[in-house]
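J.: The structure is given below, and queries will be raised subsequently.
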Number of protein chains: 2
Amino acid sequence: MIELFFLGTGASIPSNERGHTTIALRHTGEIFLLDCGEGTQRAMVIAGLSMMKVSKILLTHFHADHYAGLIPLVQSLSLLGRRAKLEVYGPKGIKEMAKHLKPLIGDTGYELEFKEARKVDGGNYIISSIRTSHGIPACAYSFEEKTHPLFLEDKAKKLGVFGLDRKQLQEGKSVKIGNRTIRPKDVLGGKKEGKKVVYSGDTAPLKSMAKFAKGADILIHEPTFGDDKEKEAKEYKHSTARQAAGIAKAAGAKRLILTHISPRYKKAEELEKQAKEVFEDSEISKDLMTVTI
Amino acid sequence: MIELFFLGTGASIPSNERGHTTIALRHTGEIFLLDCGEGTQRAMVIAGLSMMKVSKILLTHFHADHYAGLIPLVQSLSLLGRRAKLEVYGPKGIKEMAKHLKPLIGDTGYELEFKEARKVDGGNYIISSIRTSHGIPACAYSFEEKTHPLFLEDKAKKLGVFGLDRKQLQEGKSVKIGNRTIRPKDVLGGKKEGKKVVYSGDTAPLKSMAKFAKGADILIHEPTFGDDKEKEAKEYKHSTARQAAGIAKAAGAKRLILTHISPRYKKAEELEKQAKEVFEDSEISKDLMTVTI
């Protein structure tokens, strides 16, 4: 199961309705932040997400509306007494940026590592990335669950498996319930295809994105502009809603969620309409919207 | 007239109710930001304050809950096409911090100058600062209107002076209304004492603060802790509500506004009570509260 929390869905200048871009992706208790715009930690508090559970931050590029929440978040984690390592991935050049971020952040009391985006095998998931086109170094990310055995609810119920025990068994560890040892094979069987989520960050429309998002359960793509501003989209290396929908269609994605909405488009209904003309299962994200797959 | 907008009134970790510390001070059309915590630009949008009117940012120290709104704010001003210079004042060491902030901010298209806090004569106001005690370089600020002539409402009304003309005359410039030249002396007379606002930033209680805030119309002081955590206040170089009230009393201030409220104190009623026991005119600030003097 993957849960998505759209913590901030606005572009450029924040508005009453939309903060800057952050999407929290929760998977088996771990939280991954896709970008980290200003206001991330407050939005996490409001959404009831624990900051301490953030294990990786995946930045698409270094424009402030996508990373300005980083410094205050990592300082807060230090205040909260974090000891676990925190990894921050980003586009080419992140190590250079880290040289300036680190003195501003100061001592954290935990390991804070900045890395160029690469393939990460997390055991039950894989993170990948591709370069995108936004005028400065930028990248997109995909998060894929690995194929995993089905959890047999009926068997588990009969054996009295709940809560933490369930999680341990899903992770392949045996548990003791009373005097009995329950083994993973007692409650797991068959195969379940993993889910795939792809996040574009800011980018001009790219053929490589369609390939990267092939078969995605959810493609989260930016539509910074509508049909009315196609020229500006090209000039500033952004996508229109129609172009984003074209990518979703070419990728054979199951669902398109549009985020990074300019304050120019108040309710963004026109963006949704333009996207739907190309790809039916398109929707505009809203701040604090949650999606579970 | 000085208007204060408490844009963020929380300490350490933001909460549903309180964002990080920023106070906007508006005076004759100019906006001065006292600190610039995460969420400043969104709070300005919600409060209906124009970011383009910000002329100076006065940072008390470089903990993220007091400055993390800076990078995204200055980038937004660039997006909005600002051309006017922006001055950022701060404690000793700000020039060193600027070396790291500037590459993260990138090109702004306007002059962005970082300066150590000092006396600034702005024509009709004076900004001063003193060093405070918070474990890292930190300072407090005072904003004082200069004594200025009274605006004679009756005379102005008879002469048909309104709006922009009024402002020009108050600034000592003659204006033309129809064929007539109205001179400042036609509508100004007597003397009006200027108002004084002092903002502590984060600090242990200081005798020098009482001197600095002498006769202030408003002292804005932090009470990060209550009586229950006096030991922690001392350890982390913060003040309790009672200590802040003691400073207000010793300064002979007219009014004490407490800001930088820890999420530990939900409604902060206990902090207000403790402060009032020492200094009657004490109150707790709330996000988006405005005060005019």
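Bear in mind that the values in this text are calculations on the coordinates, not laboratory data. On a predicted model such as this, the values are computed, not experimentally measured, just so you know. Cβ sites come from the backbone with ideal geometry, for glycine too, and all protein chains shown count toward neighbours.
J.: Pairs A:LYS146/A:LYS176; B:LYS229/B:LYS273; B:LYS146/B:LYS276; A:LYS95/A:LYS229; A:LYS99/B:LYS115; A:LYS211/A:LYS237: which exceed 24 Å Cα-Cα?
T.: Over 24 Å Cα-Cα: A:LYS146/A:LYS176; B:LYS146/B:LYS276; A:LYS95/A:LYS229.
J.: Work out the mean other chain Cβ neighbour count within 10 Å for the residues of B:61-69 and drop it here as an integer.
T.: Counting Cβ atoms of other protein chains within 10 Å of each residue's Cβ and averaging gives 5.
J.: A further question on this structure: From other protein chains only, count the Cβ atoms within 10 Å of every residue's Cβ in B:41-47, then give the mean.
T.: 5
J.: Sorted from shortest, what are the nm distances separating the label point of A:LYS176 from equivalent points in the other copies, each placed 7 Å from Cα along Cα to C-beta?
T.: Computed spacing set for this position: 9.6 nm.
J.: Moving on to the next point. So which aspartates and glutamates pass the test for A:LYS157, namely a Cα distance under 17 Å, with those fewer than 8 places away in the same chain ruled out?
T.: The qualifying aspartates and glutamates are A:ASP165, A:ASP186.
J.: Evaluate the charge dipole of the range B:182-293 about its Cα centre and quote only its size in Debye, nearest 20, assuming +1 on the Cβ of each Lys and Arg and -1 on the Cβ of each Asp and Glu.
T.: So the magnitude is around 600 debye.
J.: Something else now. Report the percentage of all Cα-Cα pairs in the protein assembly as shown whose separation exceeds 35 Å, rounded to a whole percent.
T.: The share of Cα pairs beyond 35 Å in the protein assembly as shown comes to 46 percent.
J.: Next up: In terms of modelled amide H atoms, which long-range or inter-chain residues lie less than 5 Å from the amide H of A:LEU7?
T.: Excluding prolines and chain starts, which carry no amide H, the hits are A:THR22, A:ILE23, A:ALA24, A:LEU288.
J.: Need one value for A:3-16: mean number of C-beta atoms belonging to other chains within 10 Å of its residues' C-beta atoms.
T.: Counting other chains' Cβ atoms within 10 Å and averaging over A:3-16 gives 2.
J.: Sticking with this one: Measuring from a point 7 Å out along Cα→Cβ, what nm distances, shortest first, does A:ILE293 have to its partners in the other copies?
T.: 5.6
J.: To continue, here is another question. Defining the label point at 7 Å along Cα→Cβ, can you sort the distances from A:GLU269 to the same site in each other copy, shortest first, in nm?
T.: Label-point separations across copies, in nm and ascending: 4.4.
J.: With an 8 Å Cα cut-off and a minimum separation of 6 or more residues, compute the relative contact order for chain A in percent.
T.: Here the relative contact order equals 17 percent.
J.: How much of the DSSP bridge set in chain A is antiparallel, in percent, rounded to the nearest 5?
T.: Roughly 60 percent of the beta bridges in chain A run antiparallel, per DSSP.
J.: Counting alpha carbon pairs within less than 8 Å and at least 6 residues apart, what relative contact order, in whole percent, applies to the range A:72-184?
T.: Worked out over the range A:72-184, it gives 18 percent.
J.: Whole angstrom only: what separates the Cα centroid of the range B:125-163 from the Cα centroid of the range A:227-272?
T.: That distance is 47 Å.
J.: Report, ordered by chain and residue number, the aspartates and glutamates lying within cross-link reach of B:LYS192, taken as a straight Cα distance under 18 Å and ignoring same-chain residues fewer than 8 apart.
T.: Reachable aspartates and glutamates: B:GLU3, B:GLU144, B:GLU145, B:GLU153, B:ASP154, B:GLU171, B:ASP217.
J.: Let me ask something additional. Among rounded, prolate and oblate, which fits the range A:1-146 when a ≥ b ≥ c are the square roots of the eigenvalues of its C-alpha gyration tensor, a/c under 1.5 means rounded, and a/b larger than b/c means prolate?
T.: Verdict is rounded for the range A:1-146.
J.: Once you order the gyration tensor axes a ≥ b ≥ c over the Cα atoms, which shape class does the range A:79-139 get: rounded for a/c under 1.5, otherwise prolate or oblate by comparing a/b with b/c?
T.: Oblate, since a/c reaches 1.5 and b/c is not below a/b.
J.: Note down the magnitude of the dipole of the range B:151-192 about its Cα centre, charges +1 on Lys and Arg C-beta and -1 on Asp and Glu C-beta and zero elsewhere, to the nearest 20 debye.
T.: Approximately 80 debye in magnitude.
J.: Sticking with this structure for a sec: Mind checking which aspartates and glutamates have their C-alpha under 15 Å from B:LYS85, skipping anything on the same chain fewer than 8 residues away?
T.: Within the straight-line limit of under 15 Å, B:LYS85 reaches these aspartates and glutamates: B:GLU30, B:ASP107, B:GLU111, B:GLU113.
J.: Applying a 10 Å radius around every beta-carbon, put B:50-63, B:153-166, A:240-253 in order of their mean neighbour count, most first.
T.: A:240-253, B:50-63, B:153-166
J.: Among the residues of chain A, which one places its Cβ closest to the rotation axis that maps chain A onto chain B, and what is that distance in whole Å?
T.: For the rotation taking chain A to chain B, the closest Cβ gives A:HIS100, 2.
J.: Let me know the shape class of chain A, please: from the alpha-carbon gyration tensor, a ≥ b ≥ c as square roots of the eigenvalues, rounded when a/c is under 1.5, otherwise prolate if a/b is greater than b/c, or oblate.
T.: Oblate, since a/c reaches 1.5 and b/c is not below a/b.
J.: A further question on this structure: I'd like to know which of A:ILE182, A:TYR265, B:HIS27 lies farthest towards the positive end of the charge dipole of the protein assembly as shown, counting +1 on Cβ of Lys and Arg and -1 on Cβ of Asp and Glu.
T.: Sorting the options by dipole projection puts first B:HIS27.
J.: For every helix of n ≥ 4 consecutive DSSP H residues, a contribution of -39,500 (n - 2.57) applies; sum these over chain B, divide by its total residues, and give [θ] at 222 nm rounded to the nearest 500 deg cm²/dmol.
T.: Result for chain B: -8000 deg cm²/dmol, rounded to the nearest 500.
J.: So for the range A:240-293, averaging the separation of alpha carbon pairs under 8 Å that are six or more residues apart and normalising by length, what relative contact order in percent results?
T.: Reported relative contact order: 44 percent.
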